[in-house]
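Student: I have a structure I would like to understand better, so I am pasting it below and will then ask my questions one at a time.
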Amino acid sequence: MSWRTVVISNRCKLDLKMGYLVVRGIETKRVFLDEIALLLIESTAVSLTCSLLSELTAKKIRVIFCDEKRNPTAELSPYYGCHDSSRKIKKQILWSEQNKGAVWTAIIAEKIGNQARLLERMQKDKEAALLQRYLTELEFGDATNREGHAAKVYFNALFGMDFGRRVPDDPINAALNYGYGLILSAVNREVVSNGYLTQLGLFHDNTFNQFNLSSDLMEPLRPLIDARVVQEQPEAFNTDVKHKMVALLHAPIRISNSEQTVLNAIKLYVKSVFDALNAEDVSRIQFPVL
């Protein structure tokens, strides 16, 4: 089972030799590909061989590329992640609005519930109770936007009344966005691995969003990042903060009465959502316990 996260921060060349990732910089280092779950390329001064990219794709190793500010900007994703992708995409297109709405409602309920539990752990009892009330008011498909009302209360409780999500350069927002980007990438990988299209969402339907479905599925996982950012309270968005966000992907978490890493839990969760959609049975969804 792959378990390593490899972060490339400095100028170097990456190539493939005998099943190993070879990092040629000031020193030459090797990492066995079968051990790698995530390759994060932070520097734009890195060159890669096509043979390495091909093997990374074949082994379904998630590769994230960063821009000049070392923020995630793109990822490597195969065209075909599953042997019967065509059959599954046909199923995906035929999912009914009722079926998608039921799953989306369950996802939003879990997200608000996770937000309320995080506030309870922080002893924000008044705000947690308000989110629990929103949860009882949740309608099919979140027709009354309880998610939006909960988000305002939630973020103000976490980071103060002056906090807003529309200030991307603020250290708190930068850390949140970086963490969310990592979670989105992990969900993208599992969507593709299961043979489905990331573009066709349940609720998200933005023409310019290549990851509508993944944006739907990641919603209950956002409080995982929120909790870490609250813990760190970064005064600057630096390499140390980024690496702590990456390390979170390998932290232990419970799902379906077992302890898994966050990456493995995402794999089980995403698969369970597709099982629920195809069986039209929301009870099949296995949510990680945040």
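The values are calculated or read from the model by the stated rules, or taken from the named source; none is laboratory data. What you are looking at is a predicted structure, and each value in this text was computed from that prediction instead of being measured. Glycine also receives a Cβ, built like all others from the backbone with ideal geometry; neighbour counts cover every protein chain displayed. Please note that ligands, DNA and RNA were not included when accessible areas were found on the heavy atoms of the full protein model with its side chains. Shrake-Rupley method; radii C 1.70, N 1.55, O 1.52, S 1.80 Å.
Student: Give me the orientation-averaged projected area of the Cα convex hull of segment 74-224, in nm², one decimal.
Tutor: Dividing the Cα hull surface by four gives the mean projection, 9.7 nm².
Student: Multiplying the sequence separation of Asp275 and Met18 by 0.36 nm and subtracting their Cα-Cα distance, what value in nm do you get?
Tutor: 88.8 nm is the gain from fully extending Asp275 to Met18.
Student: What is the sum of charges around Leu197, taking Lys and Arg as +1, Asp and Glu as -1, for the other residues whose C-beta is under 12 Å from the C-beta of Leu197?
Tutor: Cβ neighbours under 12 Å give a net charge of +3.
Student: To continue, here is another question. Apply the a/c threshold of 1.5 to the C-alpha gyration tensor of segment 49-109 and tell me whether it is rounded, prolate or oblate.
Tutor: oblate
Student: Show me the ranking of peptides 10-17, 79-86, 184-191 by mean Cβ neighbours inside 10 Å, starting with the highest.
Tutor: Descending packing order for the listed peptides: 184-191, 10-17, 79-86.
Student: Can you tell me, using C-alpha contacts under 8 Å and at least 6 residues apart, the relative contact order of segment 39-129 as a whole percent?
Tutor: 18 percent
Student: Run the reach check for Lys88 against lysines, Cα to Cα strictly under 27 Å, same-chain hits fewer than 8 apart removed. What comes back?
Tutor: Lys59, Lys60, Lys100, Lys111, Lys267, Lys271
Student: In percent, how large is the relative contact order of segment 217-263, given Cα pairs closer than 8 Å and 6 or more residues apart?
Tutor: 23 percent
Student: Counting pairs of Cα atoms in segment 193-290, how many percent are more than 16 Å apart?
Tutor: Here the tail beyond 16 Å accounts for 63 percent of pairs.
Student: From Cα pairs below 8 angstrom and at least 6 apart in sequence, can you work out the relative contact order of the chain, rounded to a whole percent?
Tutor: After rounding, I find 15 percent.
Student: Now for a different question. Please work out the average accessible area per residue across the chain, using the 1.4 Å probe convention, and give it in Å².
Tutor: Values: 14750 Å² over 290 residues.
Spelled out: the 1.4 Å probe surface of the chain, per residue, equals 51 Å².
Student: If each of Lys60 and Ser47 carries a label point 7 Å out from its Cα toward its Cβ, how far apart are those two points in nm?
Tutor: 3.3 nm
Student: Write down the percent of antiparallel bridges among all DSSP beta bridges whose residues are both part of the chain, to the nearest 5.
Tutor: 60 percent
Student: Using Cα centres only, tell me the gap between segment 244-279 and segment 77-135 in whole Å.
Tutor: A separation of 13 Å, based on Cα centres.
Student: Moving on. Taking the Cα atoms only, what angle lies between the long axis of helix 97-121 and the longest principal axis of the chain, rounded to 10 degrees?
Tutor: 90 degrees
Student: May I pose another question? Run lengths n ≥ 4 of DSSP H only: what is the helix-derived mean residue ellipticity at 222 nm for the chain, with -39500 (n - 2.57) per run over all residues, to the nearest 500?
Tutor: Calculated from helices alone, the mean residue ellipticity at 222 nm is -15500 deg cm²/dmol.
Student: Further question on the same structure: Place a point 7 Å from Cα of Ile93 in the direction of its Cβ. Which residues in segment 186-219 have their backbone N less than 17 Å from it?
Tutor: Flagged as within label range: 195-202.
Student: Please compute the net charge surrounding Asn188, taking Lys and Arg as +1 and Asp and Glu as -1 over other residues with Cβ under 9 Å from its Cβ.
Tutor: With Lys, Arg at +1 and Asp, Glu at -1, the net is 0.
Student: Next question. Which FRET efficiency value, to the nearest 0.05, is calculated for Asp125 and Arg254 with the Förster distance at 25 angstrom and r the Cβ-Cβ distance? Before the final figure, lay out each step's value.
Tutor: Working: r = 24 Å, r/R0 = 0.96.
For Asp125 and Arg254, the calculated efficiency is 0.55.
Student: Another question, then. Positive end of the charge dipole of the chain (Lys, Arg +1 and Asp, Glu -1 on Cβ, about the Cα centre): tell me which of Met18, Ile61, His204 has its Cα farthest that way.
Tutor: Of the options given, the answer is Met18.
Student: Treat segment 28-137 as a sphere of radius equal to its Kirkwood radius over Cα pairs and apply Stokes-Einstein at 25 °C in a medium of 0.890 mPa s; give the translational diffusion coefficient in µm²/s, rounded to a whole number.
Tutor: Working: Rh = 18.5 Å.
Approximately 133 µm²/s, per Stokes-Einstein.
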